[in-house]
Amino acid sequence: MNGQKPQFIELAIERVLFASRWLLAPFYLGMVVALGAILVVFVNELVHGLAEIAVFDAEHVILLALSLIDLSLTGNLVLIVIFAGYETFVSRMHVGDHEDRPAWMGTVDFSDLKIKLIASIVAISGIALLRVFLPLGDTGVRVEQPRLGWMIGIHVTFVVSGVLMAVMDRISGKDH
């Protein structure tokens, strides 16, 4: 009888620990709300951009496009985290063989997720830099040098971090 009590306690603890993964579900639901907020901002940018399109020059159209791309990449990033994080840490999504199921869904592990995340962050950072650099050719447009320096430094840090993560994955035997 004494031998079964420790097993019972151990099994009970393991079940509680395993069930605790569901505490992450509200985080992913919150990210769905954040994705909706990104959509609202995207539509707002698009509507305001189209309303002023008649007075835009090529540079303003490029800035509008970059803004929309930036929001789209951010939305993609959030969706990747929702799908891959939920399936990695909480539970498989039971959507069967739905025709719209992304091909990568269910195959992205934590290593793949971090590479996708850093790649998205690098792209978003690059677009933010491009948005700052485009108006620099205009006369009278001034950008604070320290801010620009910080933006470049942060972008380079993201790029180097991404390369180092890919190298670490390769060294550890996770070849893609």
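Only one of the numbered conditions (1) of a type outside the set (Asp, Glu); (2) crowded, with 16+ Cβ neighbours inside 10 Å; (3) more than 22 Å from Val167 (Cα to Cα); (4) modelled with pLDDT under 80 is violated by Gly85, and that is (4). Is there a residue being surrounded by fewer than 14 Cβ atoms within 10 Å (Cβ to Cβ) and out of contact with any Phe, Trp or Tyr (no Cβ under 6 Å at 6 or more places or on another chain) anywhere in segment 108-117? Yes, because at least one residue in segment 108-117 is surrounded by fewer than 14 Cβ atoms within 10 Å (Cβ to Cβ) and out of contact with any Phe, Trp or Tyr (no Cβ under 6 Å at 6 or more places or on another chain). Here the condition is being within 26 Å of Leu129 (Cα to Cα) and either within 25 Å of the chain's Cα centre (by Cα) or in contact (Cβ under 8 Å) with a residue 60 or more places away in the chain (or both); of Val43, Val55, it holds for Val43 alone.
If you check Asp70 against the conditions, is it modelled with pLDDT under 80, part of a helix (DSSP H, G or I) and among the charged types (D, E, K, R)? Considered against the rule, which asks whether it is modelled with pLDDT under 80, part of a helix (DSSP H, G or I) and among the charged types (D, E, K, R), Asp70 comes out as no.
Considering every residue within segment 79-86, establish whether at least one is assigned to a helix (DSSP H, G or I), over 22 Å from Ala123 (Cβ atoms) and of a type outside the set (A, V, I, L, M, F, W, C). Checked segment 79-86: at least one residue is assigned to a helix (DSSP H, G or I), over 22 Å from Ala123 (Cβ atoms) and of a type outside the set (A, V, I, L, M, F, W, C). Mind checking whether some residue in segment 123-139 is under 27 Å from Pro26 (Cα atoms), surrounded by 15 or more Cβ atoms within 10 Å (Cβ to Cβ), out of contact with any strand residue (DSSP E or B) (no Cβ under 9 Å at 6 or more places or on another chain) and modelled with pLDDT of 85 or more? Among the residues of segment 123-139, at least one is under 27 Å from Pro26 (Cα atoms), surrounded by 15 or more Cβ atoms within 10 Å (Cβ to Cβ), out of contact with any strand residue (DSSP E or B) (no Cβ under 9 Å at 6 or more places or on another chain) and modelled with pLDDT of 85 or more, which makes the answer yes.
With respect to (1) more than 19 Å from the chain's Cα centre (by Cα); (2) exposed (fewer than 15 other Cβ atoms within 10 Å of the Cβ); (3) closer than 29 Å to Val43 by Cα; (4) modelled with pLDDT of 85 or more, the lone exception for Leu64 is condition (2). Checking each residue in segment 87-126 for being within 23 Å of Phe18 (Cβ to Cβ) and part of a helix (DSSP H, G or I) picks out Glu87, Thr88, Phe89, Phe110, Ser111, Leu113.
Right, Glu87: among the charged types (D, E, K, R), more than 20 Å from Leu134 (Cβ to Cβ) and over 21 Å from the mean Cα position of the chain (by Cα) or not? Here the answer is no, as Glu87 does not meet what is asked.
The values are calculated or read from the model by the stated rules, or taken from the named source; none is laboratory data. A quick note: this is a predicted structure, and the numbers were derived from the prediction, not measured. Heads up, the Cβs are rebuilt from the backbone with ideal geometry, glycines too, and the neighbour counts pull from every protein chain shown.
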